[in-house]
Amino acid sequence: MWEYTDKVKKFFLEPKNIGEVENPDAVGDVGSMVCGDALRLTLKIDKDTSRITDAKFQTFGCASAIASSSALTELIKGKTLDEAIQVTNQDIAEFLGGLPQEKMHCSVLGREALESAIANYKGIPIAVEEEGKVLCKCFNVTEEKIRKVAIENHLTTVDEITDYTKAGGGCGECRPDIEAILRDIWSLKAPEKPVKPKKLTNLQKIALIQEIIEREIRPGLQADGGDIELIDIDGNRVIIALRGMCTGCAMAGVTINGVQLKLRELVSDDIVIEAQ
């Protein structure tokens, strides 16, 4: 039997923002009732400020799915789209005081609904998965999703992938393929969990942020024709600008979120990225 935090129980028994926004500006539909979890996220957005003024959800799923969806709406209301896209599935779980490991896929579903809704608002078409890309036929999970979730959450085992995506939790036929993907991602060995420095002076923090951007982030962007410029560091606020092919890219929000995740891993949990 799973143990739920008091906050998960509260957001399940007394969910906030349930329903559908009237005349929504953005709609995100993810999951499938056939596979056990489905979520519709609707948003009202101030067009002048790109700020989310209202967010509501409808979900078909377990207590964790309802609580995660409700938590998501609370986290993103009042945020701009650029700020909202930085909310991760881990942020959703932490907001609830934690989720059972086997239920982390509910927080991932929330993150996917947010990405879908913002893409819908910006008029970015959601690509239909190419034939042959679905790896787990039991739960309709693609290889691309497995790779993305594994990297974002540092997952190294098939069981962890199942907890976060459900893939491999049905007939089990895809488990060897998932193992192969994990070996490919982590170059035949598990990634070392990043260890943050216990305490840094302001000068040490600035130097470390600069080093990580140069060593860990810029090479990957430059390989795809993009770039990043560090504009300023003000306490825990890191102000950047995307350059090259990253400028105006439809996936700029995802890139910014990736930069924030990396700096939170290696510098401090309270780093906040702001893009100019």
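Here are a few things to note about the model shown:
- GNM result for the chain, Cα springs below 10 Å: residue of Lys166, Lys79, Lys103 fluctuating most strongly: Lys79
- Listed residues Glu211, Glu94, Glu179, most fluctuating in the chain (Gaussian network, C-alpha, under 10 Å): Glu211
- Computed over the chain, relative contact order equals 14 percent, with contacts defined as Cα pairs under 8 Å that lie 6+ residues apart.
- The residues of the stretch 49-102 present an accessible area of 35 Å² per residue when probed at 1.4 Å with all protein chains retained.
- Selected from Ser50, Gln210, Gly28, residue furthest toward positive end of dipole (the chain; charges at beta carbon): Gln210
- Only protein atoms count toward the accessible area here, which uses a 1.4 Å probe; on the stretch 1-79, the carbon and sulfur part of that area reaches 52 percent.
- Answer label for Cα Rg over 2.2 N^0.38 Å (calculated), chosen among [x] 1.01; [y] 0.97; [z] 1.21: [x]
- Positive-end residue, the chain charge dipole about Cα centroid, Cβ charges, pick of Met104, Ala275, Tyr4: Tyr4
- Gaussian network model of the chain, springs between alpha carbon atoms under 10 Å - residue of Leu263, Leu72, Leu230 with greatest fluctuation: Leu230
- Area accessible to solvent at Lys44, 1.4 Å probe radius, in Å²: 70 Å²
- Potential extension, Asp46-Ile124 segment - 0.36 nm per residue separation minus Cα distance: 26.2 nm
The values are calculated or read from the model by the stated rules, or taken from the named source; none is laboratory data. None of these values were measured; they are calculated from a predicted model. Note that we place each Cβ from the backbone using ideal geometry, even for glycine, and neighbour counts take in every protein chain shown. Protein only, heavy atoms only, side chains kept; ligands, DNA and RNA dropped before computing areas. Shrake-Rupley method; radii C 1.70, N 1.55, O 1.52, S 1.80 Å.
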